[in-house]
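The structure under discussion appears below in the form of structure tokens.
The values are calculated or read from the model by the stated rules, or taken from the named source; none is laboratory data. Remember, predicted model here, so these are calculated numbers, not experimental data. Quick reminder, even Gly has a Cβ in these numbers, built from the backbone with ideal geometry, and neighbours come from all protein chains shown. Surface accessibility is based on the protein's heavy atoms, side chains included, excluding ligands, DNA and RNA. Shrake-Rupley method; radii C 1.70, N 1.55, O 1.52, S 1.80 Å.
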Amino acid sequence: MMPIISRIFFYVMILTLAALQAYANNMPTVNEVTSNKHQIKAWIIEDHYLPIVSMELVFKNTGTAYDPKDKVGLASLTSSLLDEGAGPLDALTFKKTLEAHAIKLSVSSNHDHTYIAVKTLKKNLEKALHLLNIMLTKPHMHPQKVEQVRNQHITFLERSAKEPDTIAEKSLRETLFAGHPYERDQHGSIEGLKAITPDDITEFVSQQYTKDNLVLSIVGDISAPEVSELLDQYLGNLPDQNANHSNTITTVQIPTSGTMKMIDFPVPQDVIIFASDGLPRHNPDFYTLYVLNYIVGGGGFESRLMHEVREKNGLAYGINTSIDLRQASNIWIGSVATRNDASNQTISVIKQTLSDIQKEGITESELNNAKAFLKGSFPLKLTSNTQLARFLSVMQLDHLGMDFLDKRNSYVDAVTLDNINKVAGQMVTPDNLHIVIVGDNK
């Protein structure tokens, strides 16, 4: 007979899965709102259960890959300085005002875009939008503050350059993206940061953070008419567009023939990263590769690589793979750390595992388990307004359609055993792996 604690746990799990399935079958409705005066568009989800509103603004194609060649780091430095005072508020007063009104505001950038996330109580929404507005239209870029934040960025780059993970990632970027802007560190370069002036940052904000460059997502206790009015009031004075910028970069062509680099570095464990070409999201086989990745290395202890590398051979605590989607590249990438004397064996096991999958395929049981997990866990990514707002941004940036939340699991469900084994034969190719090893190779 099952012990009482086990029975309780079992019943809780059944109820949790049932609740998740019910949630998955009743995804929130997404609507598009266009403001009356300035024609600013936003995707919104109304949720009046709690008096909270979350927003995410994405300024497209304003990341490090689009920085001027001689000022790489402009996007990253700007992101760090935006909340350092604006309009009549100095840096300390600006941040104290956020705190006093329980407003969370964060700015970040990557290779592609700049992201601004705002979360606030409904009663403080207009205060949050006012602060957002002056931050975007009247930011302070005092030379002393710029110098202070610049030095922080340079110190970060200097420290991270001594970390094996950073060294491996840099080397892999040099192989995959040679001559392309994605070869840059997304935080910039020391030389580029030193060349940036306060005027460069002010000009960047006015020219790049424009209405035609904006993707906006809003989730929470707010209605469509309210959104329309607030967009005109608080974002209507953003510049319409900058006729001088042409923010485009070419699509990356990942080298098809595999490579291996060994970088000597005195650490107790070797860091290994490996990558090969992936598929763009709108490729018909993308979700097949998505499910395949879970089976190969993205599923934790359920994955083939974890079984072979950790459980069977005891070479590492863990190994992970994922799909890296960017505006101009699509990569399948993985990483593992192992003993200095075990790198060659680890790579051999990885390649043999991929070769076995390529030749023999996966089993129906593996496919069914992967699909069940990927469908059941999807709602867990959408349990907060902030997570939903971020996902709405992804849906807009990747042109997935407003009904994607309802359709997503059907894409996973449609993956067949024949098709996943066909894709495995084409994509899981050990000879095409680009491998970097950083460690003590003496």
Across the range 84-120, the tally of residues that are in contact with a strand residue (DSSP E or B) (Cβ under 9 Å, 6 or more places away or on another chain), surrounded by fewer than 19 Cβ atoms within 10 Å (Cβ to Cβ) and among the acidic types (D, E) stands at 0
With the condition kept exactly as written, say whether any residue in the range 279-288 is modelled with pLDDT of 95 or more and acidic (D, E). yes
Hey, any hits in the range 200-219 for a residue that's more than 19 Å from V58 (Cα to Cα) and either open to solvent by 10 Å² or more (accessible area, probe 1.4 Å) or out of contact with any His (no Cβ under 8 Å at 6 or more places or on another chain) (or both)? yes
Checking V415 against (1) out of contact with any strand residue (DSSP E or B) (no Cβ under 8 Å at 6 or more places or on another chain); (2) in contact (Cβ under 8 Å) with a residue 60 or more places away in the chain; (3) part of a helix (DSSP H, G or I): exactly one of these is not met. Which one? (3)
I need the helices (runs of 4 or more DSSP H) fully contained in the range 341-408, keeping only those with at least 3 residues that are surrounded by 17 or more Cβ atoms within 10 Å (Cβ to Cβ), under 17 Å from the mean Cα position of the chain (by Cα) and not charged (D, E, K, R). 385-397
Sort through E203, E226 and tell me the only one that's under 29 Å from M402 (Cα atoms), without any contact (Cβ under 8 Å) to a residue 12 or more places away in the chain and more than 26 Å from the chain's Cα centre (by Cα). E226
How many of the residues in the range 323-348 are in contact with a Phe, Trp or Tyr (Cβ under 8 Å, 6 or more places away or on another chain) and small (G, A, S)? 5
When the range 164-220 is checked residue by residue, the ones that are among the hydrophobic types (A, V, I, L, M, F, W, C) and in a helix (DSSP H, G or I) are I167, A168, L172, L176, I190, L193, A195, I201, F204, V205
Of everything in the range 37-70, what is crowded, with 21+ Cβ neighbours inside 10 Å, part of a loop (DSSP other than H, G, I, E, B) and not small (G, A, S)? Give them in sequence order. I40, T62, D67
Where a residue in the range 339-355 is touching a residue at least 40 places away in the same chain (Cβ under 8 Å) and its partner, wherever it lies, is among the basic types (K, R) and part of a helix (DSSP H, G or I), with Cβ under 9 Å and at least six apart: V349/K312; T353/R304; L354/R304
Kindly indicate the residue of the range 271-315 that is over 20 Å from H434 (Cβ atoms) and acidic (D, E) and also most open to solvent (accessible area, probe 1.4 Å) among those meeting that condition. E302
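Going by the structure shown, is L400 out of contact with any Phe, Trp or Tyr (no Cβ under 6 Å at 6 or more places or on another chain), under 30 Å from N247 (Cβ atoms) and at pLDDT 95 or above?
In short, yes.
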